[in-house]
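For reference, the structure discussed in these notes is given below.
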Amino acid sequence: MAIRKSNKLPQSAVIKQILKRCSSLGKKSGYYVDGLPLDVPKGHFAVYVGESRARYIVPISLLSHPEFQSLLQRAEEEFGFYHKMGLTIPCEEVVLQSLTSMAIRGKA
């Protein structure tokens, strides 16, 4: 597989945009005054996956995993950063569940 040169932002800038986007969704009821959702614990963020766009709360530490970074790149290519659904990851629910499980096991 050939490596292609991209005009996209560096990985750290992409992650900062994602976190900013996730934390800026708090203009609805069910959110703290600072814009953070009431049901998302500190150190976590919400993502939407699968055809049904099921909502999952995942640890921020998942951002450092290469597999999740690959999914973020696919999300950027497919959806961009500015859409109304929040951070949508283009994968099946079982893939995210497996990745999250591996991340938690690796941390323990």
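The values are calculated or read from the model by the stated rules, or taken from the named source; none is laboratory data. Being a predicted model, the structure only gives us computed values, none of them experimental. Don't worry about glycine lacking a Cβ; one is built from the backbone with ideal geometry, like all the others, and counts go over all protein chains shown. Side chains are part of the model used for accessible areas, which takes the heavy atoms of the whole protein and leaves out ligands, DNA and RNA. Shrake-Rupley method; radii C 1.70, N 1.55, O 1.52, S 1.80 Å.
Here ILE60 fulfils each of the conditions (1) closer than 23 Å to LYS42 by Cβ; (2) touching a Lys or Arg at 6+ places or on another chain (Cβ under 6 Å); (3) not polar (S, T, N, Q) apart from (2).
Applying the criterion of being at pLDDT 90 or above and farther than 21 Å from SER12 by Cβ to the residues of the stretch 54-87, the residue that is most open to solvent (accessible area, probe 1.4 Å) is ARG55.
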